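Below is one structure, written out as structure tokens; comments come after it.
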Amino acid sequence: MPNVMGVLRAEIRRLARKETRQEVAALRKHVNAMRRRVAESRRRIQDLESRAKHAGKRAQGAASESSEGDVKQVRFSPSWVKRHRSKLGMSRRVYAKLLSVSPQTIMGWETGRTRPRRTALRTWRSIRGKGVRELRALVAGGGMKKRREAVAKRAGRKLRVRGRRAAGRVATRRAAGRVAARRAAPKRGKARRVRAATRRAAPKRAKAARRGRRLRAKKK
């Protein structure tokens, strides 16, 4: 009987090891397949990222080329700037505000010493296509906006000064109240002691008054 049990146990172990090996082999195959899929997905992602980078660089290059082409297409002449400014009836200072540059820059353009940069050239091209009234309205609107901003700043500054002054007055009043309270503390303590003594002496005075009334009643 013991030999039979030993044989059965050995057979059971063998079968268990065989099944375990089969399951492990199947799991290894599955893991290897998943690894291959992951590697393929990574390669695809890298390929897409590289394509996206190349596309972005191409788009930037095309945009820069188009902007450079636009700037090159804008014709510029110092006499045209001076003629346009005289047509609008504007001083160099006002014309410079319209283009967001300095009056010295306008002088350099008109004399031919300097040439507008890319952004300034685009702005100059845009205002050349607008009418005189529209441009004067823009200049007047910008001046009104600046004046409103200055008025708002002054009003805010006044409000802040008033707030600080009011806060200082409140702090002064509080400090004066604390000083008065400290000065009045001894007087209040003395008054409390007097009231306490009066309350303690009240029964004695009442007793003396009753005694006096009795004596006066006996004499009568």
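List of remarks:
- Among the residues of the stretch 104-128, those identified as without any contact (Cβ under 8 Å) to a residue 40 or more places away in the chain, more than 37 Å from the chain's Cα centre (by Cα) and surrounded by 12 or more Cβ atoms within 10 Å (Cβ to Cβ) are I106, M107, G108, W109, E110, T114.
- Hits in the stretch 64-104 (condition: at pLDDT 80 or above and not in a helix (DSSP H, G or I)): S77, G89, M90, S91, S100, V101, S102
- Among the conditions (1) surrounded by 10 or more Cβ atoms within 10 Å (Cβ to Cβ); (2) in a helix (DSSP H, G or I); (3) modelled with pLDDT of 75 or more, the only one that R154 does not satisfy is (3).
- In the stretch 1-22, the residues that are surrounded by 10 or more Cβ atoms within 10 Å (Cβ to Cβ) and either of a type outside the set (K, R) or touching a strand residue (DSSP E or B) at 6+ places or on another chain (Cβ under 6 Å) (or both): G6, V7, L8, A10, E11, I12, L15, A16, E19, T20, Q22
Let's see how each residue does on (1) part of a helix (DSSP H, G or I); (2) over 25 Å from R75 (Cα atoms); (3) modelled with pLDDT of 75 or more:
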residue	(1), (2), (3)
I106	yes, no, yes
E110	yes, no, yes
R148	yes, yes, no
V161	yes, yes, no
A167	yes, yes, yes
A175	yes, yes, yes
R182	yes, yes, no
K190	yes, yes, no
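- Against the numbered list (1) at pLDDT 80 or above; (2) within 45 Å of the chain's Cα centre (by Cα), R35 comes up short only at (2).
- Residue in the stretch 81-101 that is least open to solvent (accessible area, probe 1.4 Å), counting only those that are within 32 Å of the chain's Cα centre (by Cα) and not β-branched (V, I, T): L99
- Test: residue in the stretch 129-141 that is under 21 Å from R75 (Cα atoms), open to solvent by 80 Å² or more (accessible area, probe 1.4 Å) and either assigned to a helix (DSSP H, G or I) or modelled with pLDDT of 80 or more (or both): no
The values are calculated or read from the model by the stated rules, or taken from the named source; none is laboratory data. The shown structure was predicted, so the numbers you read here are calculated from the model rather than taken from an experiment. Glycine also receives a Cβ, built like all others from the backbone with ideal geometry; neighbour counts cover every protein chain displayed. Just the protein is used for accessible areas: all its heavy atoms, side chains included, with ligands, DNA and RNA removed. Shrake-Rupley method; radii C 1.70, N 1.55, O 1.52, S 1.80 Å.
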